[in-house]
Amino acid sequence: MRTLQDMQSYVGLTPEDEVTLRSLWPLLEPHADAVVDHFYERVQAFESTRALLSDDAQVQRLKGSLRVWLEDTVRSDRDAAYVQRRRRIGQVHADVGLQPQFLHTAMAVVLADLHQLIMTRCSFEEAGRICDVATRAFLIDLAIMNAAYVLSRDRLRAQELQRLLVAHLALAVLVVDGQGTVIACTPATSSWLDGRDPTGDAWVHALPAQGEASTLLAESQRAVSEGEVVVIPRVRSGERTFRITFVPLQHDDASVLIQIEELTEILSLEARLREAESLARIGAMSAAVANELGNPLAAIRATMQVIADGLTEDPELVGVMGKVQAEVDRMSRLVESLKAYAWREPPARRPIDLLEAVRGTLLEWSGAVEPSVRGRGAARGDVSHVAVILQGLLRNSLQAGAVTILIELWDGRMLVSDDGPGVDEGQRHAIFDAFVTTKPKGVGLGLTLARASAEDMGGSLDLATSSLGGAAFELRLPVV
């Protein structure tokens with residue numbers, strides 16, 4: 001109301017002027033319908049404004065509203081209710097999408113007709129004064145409506161931006177009422193629900209970790225009762241990991257907001273980074289150890305050969321020397337593995353035929369089990385590195401006791417499966433770590449080297465599910 005008083009004072013609209021304005025209605029009333037009809041003739045003459053009108057019934061309703069507005073502007077007291085009615089008109093124009101310039105041009109049309117009417121019905125001196133009063137009063141109306149229009153338009157734009165934000169938000173967010181029912185959610189929420197919209201369901205049924213429902217329910221209740229945000233950093237659901245946040249809401253319809261962030265990929269990347277750092281340290285250590293052990297082992301081997309040549313045919317001494325020689329050979333294999341790891345050659349990345357690479361490897365394979373091969377495929381990598389990886393996987397299968405080995409090929413992918421005992425569940429998380437082995441005399445670098453070689457080619461080597469019931473390893477390479 002204070003704003004209206006300020007505007008009236010600014011344009012000099014006095015109480016006497018308001019009396020003059022009210023006296024205009026007897027003159028205007030007989031011609032009000034003509035003013036309204038002329039206004040809508042102008043509206044319908046232009047496509048941009050005509051598009052806002054749906055049918056004749058709507059036009060008739062709008063004409064009635066315009067006539068009421070004319071009478072209201074001329075005859076009513078300018079109080080708080082008057083201001084609210086003008087604001088409502090501005091809000092409606094924003095809601096229907098009328099461009100702001102049409103508020104001003106529409107007022108110009110109405111004022112032009114009013115001025116014409118006054119000039120033809122009043123004396124020259126009186127007409128000028130009444131036109132001046134009417135202009136100031138109607139422009140105050142325009143200012144109130146325009147301010148409300150701008151506020152409403154900005155509100156609608158903010159709501160649209162919020163809608164776009166929610167629609168494209170990658171996070172899963174549930175809004176839950178006091179009864180624990182989901183009343184709203186982001187589209188991302190259905191990503192682990194097979195596209196199902198959880199709205200209307202109990203929120204615990206929409207969570208990824210059903211096994212921890214009771215704990216999560218208790219945390220939700222704690223957030224609401226204490227009015228504090230509660231964060232559960234890690235929630236496991238199968239192979240996936242989530243962070244769940246409960247945010248209490250002060251709202252009549254909603255009690256808590258639940259935000260669910262999937263961390264599976266992030267944690268996997270963190271693990272890979274830690275692994276890469278660990279491998280780099282192991283590589284430096286391997287180079288140092290290989291250098292320190294290589295020459296002494298060569299000297300020991302030569303010395304052992306001299307001693308062995310000078311021994312008599314004493315079976316006990318020959319047996320002892322054989323054991324020593326076996327241990328020296330094992331240490332030598334360790335040194336060679338360390339050298340291979342520390343100074344491995346960077347692979348080429350060229351188009352290769354995976355079937356040809358497998359066939360070439362199997363020509364040099366002398367194991368007791370002849371692997372079967374299915375499919376074919378192309379990839380980008382290094383044939384020699386693929387051969388080394390495959391040979392290592394085949395040796396592992398054979399040493400594990402497999403009697404059937406299957407190699408399956410697709411573009412960019414090779415799967416090696418066997419019917420052996422498989423990988424122990426307790427070893428799965430560490431099977432690619434350096435110096436981890438289940439073999440009595442193993443070094444524990446075979447799978448570490450194989451994975452490093454796969455990654456050097458831009459690919460990966462991981463455990464997979466075996467169709468034969470044993471172990472399975474999947475080599476993935478970039479597709480040509």
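Coordinate-derived values only; no laboratory data. Just so we're clear, the structure is a prediction, and the values are computed from it rather than from any experiment. Note that we place each Cβ from the backbone using ideal geometry, even for glycine, and neighbour counts take in every protein chain shown.
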Positive minus negative residues near Leu21 (Lys, Arg vs Asp, Glu; Cβ under 12 Å):
-3
What's the ranking of 197-206, 223-232 by average number of surrounding C-beta atoms within 10 Å, highest first?
197-206, 223-232
What nm distance separates the two modelled labels at Met321 and Asp253, each placed 7 Å from Cα along Cα→Cβ?
9.3
Can you order the peptides 447-455, 407-415, 39-47 by their average number of other Cβ atoms within 10 Å per residue, highest first?
447-455, 407-415, 39-47
For the pair Val479 and Val109, how long in nm is the line joining their label points, each one 7 Å along Cα→Cβ?
6.0
Arg129 to Glu239: FRET efficiency via 1/(1 + (r/R0)^6), r the Cβ-Cβ distance, R0 60 Å, to the nearest 0.05?
0.10
